Amino acid sequence: MSSPKSLSLAYEIESDLIADLRLELSRADTRLFRNSVGFGYNRTARGLIPLRYGLCVGSGDLIGVKRYRIKPDDVGCVVGVFVSLEAKSRRGVVKKQQQSWGQMVRDLGGIHATPRSVEDARGAIEAWRPQL
């Protein structure tokens, strides 16, 4: 990783830049997470199973959410809102890390829900309102 005094310089190694971006920008009201996209195989007792990971081809190296308080000058503007859905079956259990993730997204003004149906998810997204 580079030293803080060189943060304005271009990086030779992309992974160093990504590490510094996460460290320097995931403070206060922004959180960034590494999004690696790819394809591989998982070896199981049944053989090799194809495995895709990451959001999608072309998505950013870092994804996240930034809290933004709407100001009078913003009225009429369009602002995107981060959405995180942790789908669970009827008997699925939310893990502690998933609870923490969801709380962080909500604390920063994003939408997080744990739907057990399409209607649960639709309701959570439609019910969202900006925080005061």
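No lab work stands behind these numbers, since they all come straight from the coordinates. Everything quoted here is computed from the prediction, not taken from an experiment. Note that we place each Cβ from the backbone using ideal geometry, even for glycine, and neighbour counts take in every protein chain shown.
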Note, region 108-114: 3J(HN,Hα) by Karplus (6.51, -1.76, 1.60, θ = phi - 60°), whole Hz, Gly/Pro = x, goes 8, x, x, 9, 9, 8, 10
I want to verify the translational diffusion coefficient of region 1-66 in µm²/s; compute it with Stokes-Einstein, Rh as the Kirkwood radius over Cα pairs, at 25 °C and 0.890 mPa s. 174 µm²/s
Pick the calculated Rg and Dmax of the Cα atoms in Å for this structure from [x] 20.9, 76; [y] 22.2, 79; [z] 18.5, 59? [z]
Between E86 and S15, how high is the FRET efficiency from 1/(1 + (r/R0)^6) when r is the Cβ-Cβ distance and R₀ = 25 Å? Nearest 0.05. 0.30
Could you name the aspartates and glutamates whose alpha carbon sits less than 12 Å from that of K88, not counting residues in the same chain fewer than 8 places away? D120
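Calculated FRET efficiency, T44 and D73, Cβ-Cβ r, R0 41 Å, to nearest 0.05?
That gives a FRET efficiency of 0.15.
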What number comes out for the charge environment of G54, summing +1 per Lys or Arg and -1 per Asp or Glu over other residues with Cβ under 13 Å away? +1
Please list, in chain and number order, the residues 5+ apart from V65 or on another chain whose amide H is under 5 Å from its amide H, with Hs placed from the backbone. R31
Taking amide H atoms as placed 1.01 Å from N in the peptide plane, list the residues 5 or more away in sequence, or in a different chain, whose amide H sits under 5 Å from that of S84. I111, H112, A113
Simple spin-label estimate for S117/Q97, 7 Å along Cα→Cβ, in nm, reads 3.0 nm
Sparsely packed trypsin sites (Lys or Arg not before Pro) within region 65-113, loop by DSSP, other Cβ within 10 Å at most 11: R69, R90, R91, K95
